[in-house]
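The values are calculated or read from the model by the stated rules, or taken from the named source; none is laboratory data. Quick caveat, the model's predicted, so the values are computed rather than measured. Ideal geometry is used to build each Cβ from the backbone, glycine not excepted, and the neighbour counts take in all protein chains shown. Please note that ligands, DNA and RNA were not included when accessible areas were found on the heavy atoms of the full protein model with its side chains. Shrake-Rupley method; radii C 1.70, N 1.55, O 1.52, S 1.80 Å.
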Amino acid sequence: MPISDYGVLAASAVDRRREGGTDTPHYQIHLRDEQGTDYRAAVNVLSQQAPPDLRYFASEDFRHPVTALLPKAGSGWTALPSRPGAASLDFVRGHLFDPAAMRVLPPDGPGPDDLGDQLDAHVRRAIGDSSAAVYVFGQRFGPEPGVPDKVFGFLPGNGVHDVHMNQGNSGRFKADDGVYQDGALLIHFPAENRWAAVFLAFQSQSWHTDDRTGHAGSASVPHQPGAPRPTTHPTH
């Protein structure tokens, strides 16, 4: 069945933490909405399935009709229907970016060209700009009354995960497949009249998926020739 509680978190980024030394490291983001509610976004930087490194694409100037459908900046969590015509994301059907432009990055490394560094560059910019509006798409977890967040310590534990493609899976993750339920990170910088976007996918995921179930088909389709594309300027 598809993931439960799919939606988007609209909030401001206030802190971040890079995880290392675990089997399933994440890039952790502390966010707060305009009501003062705290959230944590847990962003995968390594897959539990081989190949372990993630596919990554980012744009510093993301232009797509979905930005006009988003909830008010800072409004907190909004549940989204998994269907076209809403703010829900679908990497295969939504023409958000060309999957062929994605590249594979390790979670960490000695130089600047790893996934942790790429995420850090975007999130630190959002933390440093008080007007920046962050939108995190994925599956909600919590609230967990009486249980402090395991990374940032706020109460109650509360947040969003699965901030990546959520279809075309294999093995035990096939149960999470669905259409119009993909995760991503969008950041609006109003002073610059600009959107930034970060999209992540696992190498084990297929880009040829069923229009109803989101399950992988028999072939991998890296892009859709002739399909309209948003105007994006990548960071690499």
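Which one is farthest from the chain's Cα centre (by Cα) among residues in segment 155-173 that are open to solvent by 20 Å² or more (accessible area, probe 1.4 Å) and among the hydrophobic types (A, V, I, L, M, F, W, C)?
Looking at residues that are open to solvent by 20 Å² or more (accessible area, probe 1.4 Å) and among the hydrophobic types (A, V, I, L, M, F, W, C), I get LEU155.
Only one of (1) assigned to a loop (DSSP other than H, G, I, E, B); (2) open to solvent by 20 Å² or more (accessible area, probe 1.4 Å); (3) among the polar types (S, T, N, Q); (4) under 24 Å from GLN167 (Cα atoms) is not met by THR67, so which one is it?
(1)
I need the full set of residues from segment 18-62 which are free of Cβ contacts under 8 Å to residues at least 40 places away in the same chain, part of a strand (DSSP E or B) and of a type in the set (Val, Ile, Thr), in order please.
Correct list: empty.
For GLY128, are the conditions met, namely being exposed (fewer than 14 other Cβ atoms within 10 Å of the Cβ) and either hydrophobic (A, V, I, L, M, F, W, C) or modelled with pLDDT of 95 or more (or both)?
Spelling it out, GLY128 is indeed exposed (fewer than 14 other Cβ atoms within 10 Å of the Cβ) and either hydrophobic (A, V, I, L, M, F, W, C) or modelled with pLDDT of 95 or more (or both).
With (1) open to solvent by 10 Å² or more (accessible area, probe 1.4 Å); (2) free of Cβ contacts under 8 Å to residues at least 60 places away in the same chain as the list, and LEU105 as the residue in question, which single condition is left unmet?
(1)
Say whether the condition of being small (Gly, Ala, Ser), more than 19 Å from ALA73 (Cα to Cα) and either in contact (Cβ under 8 Å) with a residue 40 or more places away in the chain or part of a strand (DSSP E or B) (or both) is met by at least one residue in segment 10-17.
No, because not a single residue in segment 10-17 is small (Gly, Ala, Ser), more than 19 Å from ALA73 (Cα to Cα) and either in contact (Cβ under 8 Å) with a residue 40 or more places away in the chain or part of a strand (DSSP E or B) (or both).
Any residue at all in segment 170-185 that is touching a Pro at 6+ places or on another chain (Cβ under 6 Å) and part of a strand (DSSP E or B)?
no
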